[in-house]
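A short reminder: the numbers here are calculations on the coordinates, not readings from a lab. Computed from a predicted model, the values in this text were never measured in an experiment. Here the Cβ positions follow ideal geometry from the backbone for every residue, glycine too, while neighbour counts run over all protein chains shown.
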């Protein structure tokens, strides 16, 4: 996997071994960031369920000011750390190892609000819905911010209180749902 565009275009990124992490394909990342356009410039980015860190790293490559990446699994967090080191982004990114849902209140306690929030949880279960509700409920989304949920197209995202679905785009079995206030 490689960074698709920006200052780090072409930079190689590692992916954690095994089936626990499902990296966002290059073409989907390209479409995602093309749709976000200039919103990423100077943005604060939250990447819950970070996996390899590719979404946050892509955002930083395209001009985001800072990124917070949350990843539960040690092996995946080690890969994120290595990818940040390889790309020289350690100073603009903060990696937190732990459960995303349990860490949301502590991020809110730091009075953090993000312009772009990426949610790419495991497709099975209700993690996306629970994370969306927690992000909104704890005030982690900036007033003009956007949340992008990556999910299986057969399992649509429900519109939570406080957000509205702006668009849904599909790429094979993958869907991206964009939500804003």
If one builds a Gaussian network model of the chain from Cα atoms under 10 Å apart, the most fluctuating residue listed among 31, 43, 67 is 31
Can you give the helix-only mean residue ellipticity at 222 nm for the chain, where every DSSP H stretch with n ≥ 4 adds -39500 (n - 2.57) and the sum goes over all residues, rounded to the nearest 500 deg cm²/dmol? -9000 deg cm²/dmol
Can you tell me the Rg and the Dmax, both Å, for the Cα atoms in the chain? 14.6, 39
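Report the convex hull volume per residue for the stretch 85-175, counting only C-alpha atoms, in Å³. Walk me through the numbers before you get to the answer.
On the way: hull volume 11.9 nm³, N = 91.
Cα-based convex hull of the stretch 85-175, divided per residue, equals 130 Å³.
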Estimate the FRET efficiency between residue 7 and residue 153 by the formula 1/(1 + (r/R0)^6), using the beta-carbon distance for r and 30 Å for R0, to the nearest 0.05. 0.40
What does DSSP give for the chain in terms of the percent of beta bridges that are antiparallel, rounded to the nearest 5? 45 percent
